[in-house]
Amino acid sequence: MHRHTVTPNRAGIGVVVQVLYGAYMASEVAYYTYIYAKISREKYQQVTGNTRAAILLGRFLSGVISQILVSTGAMNVRDLNYITLGTQAVSLLWSFLLPPVKTSVYFYSRDEDVKPTTGTVACDSAVQPQQQEQPNLVEQAGENALTVSHKSSINESPENSPNDPNKTVENGDPRTETVTTQPKARFSASRAVRLLWKHFISAYRQLPVVQWSLWWALAMAGFIQVQVYVQLLWHEIDQQQGTLFNGGGEALLTLLGAISALVAGYIANRIFEQWALWILTVCSGLQGGLTLYSGFATNIWVAYVLYILFGTLYLFMVTMASAIVAKYLEEDSFGLIFGINTFVAIGVQALLTLATISERGLMLDPRDQFKVYGGYFLVLSIIYLIAAIVASVARLLQLRKVATATTRESSPAPPSNDGVN
């Protein structure tokens with residue numbers, strides 16, 4: 001394997017890029033969390049596909065515009081950063097126009113142990129003494145009265161006692177209303193920690209969440225690594241043209257990825273949940289094969305096709321993964337679980353960078369890097385293949401056990417040997 005020299009300046013730029021990319025990933029997690037907080041659970045899969053498709057269409061438009069500007073000589077690659085800065089500023093201003101999520105389930109929430117209180121208050125100036133003696137529950141609640149719901153009670157039956165506190169008389173007699181006071185939402189860091197831990201355990205104790213989250217995190221790490229360094233591979237394959245068609249390749253990937261995300265939003269995920277391990281095995285194997293072959297490619301157009309197929313497959317599967325995982329989560333815990341999955345992905349991706357590119361690692365050239373990334377996905381495929389085989393064998397044994405028990409129950413009882421002498 002060839003060693004690749006890394007200058008200190010380039011290493012510093014790489015650190016800055018990783019920090020900014022981490023901020024971008026955090027913003028994407030927050031955006032998906034916001035979307036899930038505003039819709040019903042039945043729409044998760046469709047909205048996930050639509051949202052990811054919108055993001056990818058934005059990247060497609062970015063790739064097309066940048067490719068046109070660079071190809072025509074109107075701007076160079078460095079000048080494109082100004083367009084990026086401007087669009088980010090516009091998107092930040094636009095975010096303030098989105099409808100807010102007013103409550104925070106973790107940090108600002110009512111204490112579950114405190115129950116609402118209900119009572120009556122006088123709302124007429126001419127109140128008889130027996131009504132004046134009743135305590136004013138609104139004053140007693142003080143700041144804890146967050147919401148007050150009024151229910152007027154009108155009693156027209158003359159048979160009722162005149163001392164009934166809920167009685168209302170139209171000629172100026174006392175009128176009372178029933179009020180319900182809710183405990184005020186307060187900030188509590190300790191409660192937030194307990195609730196975070198509760199949601200963490202509740203999510204990752206479910207097998208589908210573990211299966212899809214593990215693939216999601218590890219596949220995302222590999223995809224980020226391939227996406228960041230594929231430009232260097234293309235440049236090494238075709239050094240004469242440089243980056244002439246690279247923007248077009250990225251644009252085509254995002255367009256096909258947007259289409260695949262839309263398709264994933266409307267496919268019945270029952271099949272994906274039933275055959276999850278086998279599907280993840282095949283997809284990881286295909287991704288590993290495409291990436292591994294990229295390391296041996298000598299034609300730039302073949303390298304483009306391999307990258308586009310690899311990315312489209314990933315974008316389709318990660319859309320399905322996020323929708324399936326979201327379906328099993330507690331309300332308002334999407335940011336927590338999505339954030340953990342993304343954090344694991346960024347951590348694994350940092351380890352891949354350290355092992356393959358940094359001075360403390362192997363310092364591989366782009367071709368050898370992609371061979372390693374291909375092996376990474378193949379190992380991931382083998383892991384899921386073993387899990388799929390074990391799960392299939394366990395399922396067959398369970399079915400055989402059930403069939404045997406059913407046969408025994410349906411078989412006739414043996415005749416009795418008791419006789420009359």
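The values are calculated or read from the model by the stated rules, or taken from the named source; none is laboratory data. Since this is a predicted model, take the numbers as computed values, not measurements. We place every Cβ from the backbone using ideal geometry, glycine too, and count neighbours over all the protein chains shown. Accessible surface areas use protein heavy atoms only, side chains included; no ligands, DNA or RNA. Shrake-Rupley method; radii C 1.70, N 1.55, O 1.52, S 1.80 Å.
Run a plain Debye calculation on the range 42-90 (Cα atoms as equal point scatterers, no solvent) and give log10 I(q)/I(0) at q = 0.16, 0.20, 0.29 Å⁻¹, rounded to two decimals, same order as the q list.
After summing over all Cα pairs, the log10 values are -0.56, -0.73, -1.05.
Applying 1/(1 + (r/R0)^6) with R0 = 35 Å to the Cβ-Cβ distance of Leu98 and Ile382, what FRET efficiency is obtained, to the nearest 0.05?
Working: r = 43 Å, r/R0 = 1.24.
Efficiency at R0 = 35 Å is approximately 0.20.
Which values of log₁₀ I(q)/I(0), to two decimal places, follow from the Debye formula for the range 256-330 at q = 0.16, 0.17, 0.18, 0.24 Å⁻¹ with a uniform point scatterer at every Cα?
-0.63, -0.70, -0.76, -1.09
Please calculate how many Å² of accessible area the range 251-393 carries per residue, with a 1.4 Å probe and no DNA, RNA or ligand atoms counted.
41
Could you give me the ³J(HN,Hα) list for the range 210-215, computed from phi with Karplus coefficients 6.51, -1.76, 1.60 and θ = phi - 60°, whole Hz, x at Gly and Pro?
Using θ = phi - 60°, the values come out as 5, 4, 6, 5, 4, 5 Hz.
Based on the inverse mean of 1/r over its pairs of different Cα atoms, what is the Kirkwood hydrodynamic radius of the range 214-307, in Å?
14.9
Would you please give the residues with an amide H less than 5 Å from that of Leu364, counting only those at least 5 places away or on a separate chain, with H modeled from the backbone geometry?
His4, Ile357
For Glu273, Glu42, write out the residues from largest to smallest accessible area, computed with a 1.4 angstrom probe and no ligands counted.
Ranked list, largest accessible area first: Glu42, Glu273.
Grab every C-alpha pair in the range 283-416, bin the distances at 10 angstrom width from 0 up to the longest one, and report whole percents.
Once binned at 10 Å, the Cα pair distances of the range 283-416 give 10, 24, 28, 17, 10, 6, 4, 1, 0.
Ordering Thr281, Thr298, Thr84 by how much accessible area each has at a 1.4 Å probe, largest first, what is the list? Kindly include the intermediate steps, with their values, before the conclusion.
Numbers: Thr281 15, Thr298 115, Thr84 75 Å².
Reading off the accessible areas and sorting them downward yields Thr298, Thr84, Thr281.
Whose amide H sits under 5 Å from the amide H of Asp332, counting only residues 5 or more places off or on another chain, with H placed in the peptide plane?
none
Report ³J(HN,Hα) in whole Hz for each residue of the range 80-92, in order, from the Karplus equation J = 6.51 cos²θ - 1.76 cosθ + 1.60 where θ = phi - 60°; Gly and Pro get x.
4, 5, 5, 5, 4, 4, x, 5, 5, 5, 5, 5, 5
Over the range 247-354, what percent of the accessible surface lies on carbon and sulfur atoms, probe 1.4 Å?
Working: 3200 of 4130 Å².
The computed percentage sits at 78.
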